[in-house]
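Below is one structure; the comments refer to it alone.
The values are calculated or read from the model by the stated rules, or taken from the named source; none is laboratory data. Since the model is a prediction, treat every value here as computed from it, not as a measurement. Glycine gets a Cβ as well: all are built from the backbone with ideal geometry, and neighbour counts include every protein chain shown. Protein only, heavy atoms only, side chains kept; ligands, DNA and RNA dropped before computing areas. Shrake-Rupley method; radii C 1.70, N 1.55, O 1.52, S 1.80 Å.
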Amino acid sequence: MAQADWDLIIVGAGPAGLTAAQYGARSNLRVLVIERLAPGGQAVNIDRLENYPGIAPEKSGWEFAADLHRQAENFGAEFLTDSVVSLAKEGGLFRVKLEGGGERCAPALIAATGTSRRTLGVPGEAEFYGRGVSYCAACDGPFFKGKKIFVAGGGDAACDEAQYLSRLSPQIVLVHRRDRFRAQKALAGRVLANPAVQVRFNTRILEIRGDAQVGSVILEESPAGGKPVGPGAAASRRYEEDAAAVFVFIGSVPQTSFLDGLGIEKDENGYLVTGQDMATALPGLFAAGDVRSTPFRQVVVAAGEGALAAHSAASYIDECRGETYR
């Protein structure tokens, strides 16, 4: 029989990975969670977790993540701080190669790596990262109290972060390249009603300028939201405006590079495709949370998928026990 270090390896410790760890350990599996950063994933950046069932609105994402981490450890899951370089399946085992050296093996693996922030890709963004350009309001917002702050994006994250920043400064400008928000209606409504947030639709940031720190942004306002216009229609307008900081929340990119070479099916945007049981087409490999192809990415969805992935992985492992791992 093939030998394994663990029964189940979970790559990623966001809400999906932490919930999977808890349910896997409760199923009496030897569970290892590999995470390169602090447990919690992007949930730690949530100022107030107001739409998770049973959670009081005053609880922060950081507190919520800490609770999930503690629960998983209490049930017996172990954690390793490291990055996964590559993944291979040999002799029925997944072999996880680590950046810190060595490898870990298990017959089942859950990919819960989530996503990374999408960037604007404009001049000045990379140059001023950490000097006025940020992707985390809770982390960097306090440095710009009372100053003029631009927020780019139109989804839940952009609206939530703009709300948070409005408690630090009355000069928040939220720019979105489309003519309406993609965020949930209740959240979008609060932003539109917030006197500290000026919303500019059909507007995008073309460039970020400054010296030692961000000093201004070049904006483009398109009356038609970037769509072709007919004769006589108003043309796009470009202008420069002072700014102390630019916070970017324009979507995410799935973290799946460690799966390259395994032939795992992905959708047109690079997210992992699974069945309803969270299983990919490769036996023993499951996916949960934001890295999975799903129409609705929320903390509560990620947690549910993590629980289901762990349940499916436990069933798969039970089938494999007593025989050579397939």
Worksheet item: So which residue, out of K145, K89, K185, gets the largest mean-square fluctuation from a GNM of the chain using Cα contacts under 10 Å as springs?
Response: K185
Fill in: 3J(HN,Hα) from dihedral phi, region 80-93, Karplus parametrisation 6.51/-1.76/1.60, rounded to Hz, x for glycine, proline
10, 8, 5, 10, 8, 8, 7, 9, 9, 10, 9, x, x, 10
Response to the item:
For the chain, dividing by residue count, accessible area per residue (probe 1.4 Å) in Å² works out to 47
Worksheet item: In debye to the nearest 20, how big a dipole does region 1-100 give about its Cα centre with +1 on each Lys and Arg Cβ and -1 on each Asp and Glu Cβ?
Response: 240
Worksheet item: Among G154, G146, G12, which one shows the biggest mean-square fluctuation in a GNM of the chain, springs joining Cα atoms closer than 10 Å?
Response: G146
Item to complete: Using only Cα atoms, tell me the angle between helix 299-320 and the longest principal axis of the chain; keep it within 0 to 90° and round to the nearest 10.
Response: 20
Worksheet item: Amide H to amide H, which residues 5 or more places from I110 or on other chains are under 5 Å from it, using H placed in the peptide plane?
Response: I9, I10, V11, F286
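Pairs of Cα atoms under 8 Å, at least six residues apart: use those to get the relative contact order of the chain, whole percent.
22
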Worksheet entry | For region 169-217 and region 43-97, distance of Cα centres in Å | 31
Worksheet, complete the sentence: Sequence order, region 243-252: Karplus ³J(HN,Hα) from phi using 6.51 cos²θ - 1.76 cosθ + 1.60, θ = phi - 60°, Hz rounded, Gly and Pro as x, gives 7, 9, 7, 10, 9, 10, 9, 10, x, 9
Worksheet item: Could the peptides 99-107, 71-79, 16-24, 244-252 be put in order, highest first, of the mean number of other beta-carbon atoms found within 10 Å of their residues?
Response: 16-24, 244-252, 71-79, 99-107
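Order 302-311, 32-41, 256-265, 273-282 from most to least packed using the mean count of other Cβ atoms within 10 Å.
Values: 302-311: 24.7, 32-41: 21.2, 256-265: 14.3, 273-282: 16.5.
Taking the mean over residues of other Cβ atoms within 10 Å, the ranking is 302-311, 32-41, 273-282, 256-265.
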Worksheet item: With respect to the cross-link table entries K145/K185; K89/K266; K59/K148, which display a Cα-Cα separation exceeding 26 Å?
Response: K145/K185; K59/K148
Discussion item. Can you tally the net charge around K97? Count Lys and Arg as +1, Asp and Glu as -1, for every other residue whose Cβ sits under 12 Å from the Cβ of K97.
Written reply: -2
Fill in: Cysteines without a disulfide-compatible partner [the chain; Cβ-Cβ under 4.7 Å]
C105, C159, C320
Item to complete: Report, to the nearest 10°, how far helix 61-74 tilts away from the longest principal axis of the Cα atoms in the chain, using its own Cα long axis and a range of 0 to 90°.
Response: 10
Response to the item:
Here the net charge surrounding E305, from other residues whose Cβ is less than 15 Å away from its Cβ (Lys, Arg +1; Asp, Glu -1), is 0
Worksheet item: With contacts defined as alpha carbon pairs under 8 Å and 6 or more residues apart, what's the relative contact order of region 52-135 in percent?
Response: 14
Fill in: Karplus 3J(HN,Hα) series, Hz, for region 262-276 with 6.51 cos²θ - 1.76 cosθ + 1.60 (x for Gly, Pro)
8, x, 6, 5, 10, 7, 5, 9, x, 7, 6, 9, 9, x, 5
Discussion item. Once each part is reduced to its C-alpha centroid, what is the distance from region 111-126 to region 252-326 in angstrom?
Written reply: 22
Practice prompt. For semi-axes √(5λ) of the Cα gyration tensor in Å, several values are listed as (1) 31, 23, 21; (2) 35, 23, 18; (3) 41, 20, 18; flag the one computed from this structure.
Written response: (3)
Worksheet item: From the Cα gyration tensor of region 1-151, with a ≥ b ≥ c the square roots of its eigenvalues, which class applies: rounded if a/c is under 1.5, or else prolate if a/b is larger than b/c, or else oblate?
Response: oblate
Worksheet item: Around E127, what is the net charge, scoring Lys/Arg as +1 and Asp/Glu as -1 over all other residues with Cβ under 15 Å from its Cβ?
Response: -1
Item to complete: Let me have the relative contact order for region 90-198, percent, based on Cα pairs under 8 Å that are six or more residues apart.
Response: 19
